[in-house]
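Everything below concerns the one structure shown next.
Laboratory data are not the source of any read-out in this text; all were calculated from the coordinates shown. As the structure is a prediction and not an experimental result, all values here were calculated from the model. Here the Cβ positions follow ideal geometry from the backbone for every residue, glycine too, while neighbour counts run over all protein chains shown.
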Amino acid sequence: MAETITALSEQQLSQLQKEKLVLLATVDAESGFPSVSAISWVYADSETNIRFAIDQRSRIVVNVKAHPQVTLTFFGEGKVNAVYGNASVVTDALEGVPFKLACFDVRVEAVRDAMFYGSRISVEPEYEKTYDKRAAEKLDGQVFAAMKKA
């Protein structure tokens with residue numbers, strides 16, 4: 001049995017210090033079923049802590065408050081990285097952002113390579129903002145600055 005890794009590697013930390021596509025798995029507060037959402041306002045402030053922001057009205061907020069166990073999954077280093085931890089509320093409304101975003105910290109409890117045996121990711125998925133690019137860059141800057149200050 002492999003040793004449990006309880007912190008992000010330097011490369012994983014670096015990847016999560018810039019905008020990155022991350023899949024957030026939560027437990028649905030009503031049904032108890034797994035729920036997965038794509039998010040990008042994610043910032044690792046240390047090897048053992050990952051912060052994310054989400055619209056206050058999102059179902060994710062209700063889910064995390066009811067069941068703090070989450071998994072953050074992202075692509076990097078040719079593999080699928082799964083980070084398991086418990087989320088806690090940093091603030092219900094980030095300051096300096098034009099709409100209400102809740103902010104959570106995830107204390108890293110385990111990091112695993114979730115890629116199936118004998119394979120690697122050859123091309124990471126990419127995404128693009130479908131609204132005004134200048135507005136998106138401005139909003140992203142405001143959110144990441146507010147997350148770092150919270």
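Near residue 9: Cβ cut-off under 14 Å, other residues only, Lys/Arg at +1 and Asp/Glu at -1. The net charge is -3. The alpha carbons of the chain occupy a box of 47, 35, 27 Å along the principal axes, longest dimension given first.
Computed packing ranks the peptides 110-122, 78-90 as 78-90, 110-122, most packed first, by mean other Cβ atoms within 10 Å.
Loop-located trypsin sites (Lys or Arg not before Pro) in the stretch 11-65 (DSSP state not H, G, I, E or B) with no more than 15 neighbouring Cβ atoms inside 10 Å: 18, 57. Helix 133-149 and the longest principal axis of the Cα set of the chain meet at an angle near 80°. The gain in end-to-end length when the residue 127 to residue 77 segment is fully stretched comes to 16.2 nm, 0.36 nm per residue minus the alpha carbon separation. Placing unit charges on the Cβ atoms only, positive for Lys and Arg and negative for Asp and Glu, gives the chain a dipole magnitude near 300 debye about its Cα centre.
In the chain, Cα pairs under 8 Å separated by at least six residues give a relative contact order of 24 percent.
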